[in-house]
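Working notes, structure below.
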């Protein structure tokens, strides 16, 4: 099953999104928060994100949801330091973090491939449009 990593500047926000997302997940599905810095301050931490990516991976890939700005840069930096095979099966979603995370978790719990989970997460951009 595709794992999901939630990267936000706030540890509490990442944990809250994971708490919501787990309600839609299959038992045992990996949804890992990577919010804030290593000392739980506001910010982002590439090392923490890399560890979360490794923890979320079960061989089917990982979709990383990011909130904004430096979270994207930190996630991209984290990918430079993970195992090349893991990097190849990890994607950073261009999607709103909450809506995208819920959509990604549902698709992953249905057995979706990495590409299907990523596409579903990114389609969440259209949820607010009328």
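The values are calculated or read from the model by the stated rules, or taken from the named source; none is laboratory data. All of these numbers come straight from a predicted model, not from anything done at the bench. Positions of Cβ are generated from backbone atoms using ideal geometry, with glycine treated the same way; all protein chains shown enter the neighbour counts.
Restricting attention to the stretch 96-117, which residues are buried (at least 23 other Cβ atoms within 10 Å of the Cβ), under 24 Å from residue 80 (Cα atoms) and more than 10 Å from the chain's Cα centre (by Cα)? Hit for the stretch 96-117 is 117, nothing else. Residue 30 passes every criterion in (1) in contact (Cβ under 8 Å) with a residue 12 or more places away in the chain; (2) over 18 Å from residue 77 (Cβ atoms); (3) out of contact with any helix residue (DSSP H, G or I) (no Cβ under 6 Å at 6 or more places or on another chain) apart from (3). Checking each residue in the stretch 59-74 for being modelled with pLDDT of 95 or more and outside any helix (DSSP H, G or I) picks out 60, 61, 62, 63, 64, 65, 66. Comparison of 55, 47 shows that the only residue that is surrounded by fewer than 24 Cβ atoms within 10 Å (Cβ to Cβ), touching a residue at least 24 places away in the same chain (Cβ under 8 Å), more than 19 Å from residue 119 (Cα to Cα) and touching a strand residue (DSSP E or B) at 6+ places or on another chain (Cβ under 8 Å) is 55. For the stretch 14-38, filtering for residues that are closer than 15 Å to residue 56 by Cβ and in a loop (DSSP other than H, G, I, E, B) leaves 7.
On the stretch given as the stretch 58-74, residues that are in contact with a strand residue (DSSP E or B) (Cβ under 7 Å, 6 or more places away or on another chain) and over 10 Å from residue 7 (Cα atoms) total 4. Taking the stretch 22-38 as the range and being crowded, with 18+ Cβ neighbours inside 10 Å, modelled with pLDDT under 95 and closer than 15 Å to residue 110 by Cβ as the test, the residues that pass are 25, 29.
Restricting to the stretch 75-94, and then to whatever is more than 16 Å from residue 55 (Cβ to Cβ) and at pLDDT 95 or above, can you tell me which residue is surrounded by the fewest Cβ atoms within 10 Å (Cβ to Cβ)? Ranking the candidates gives 84 first.
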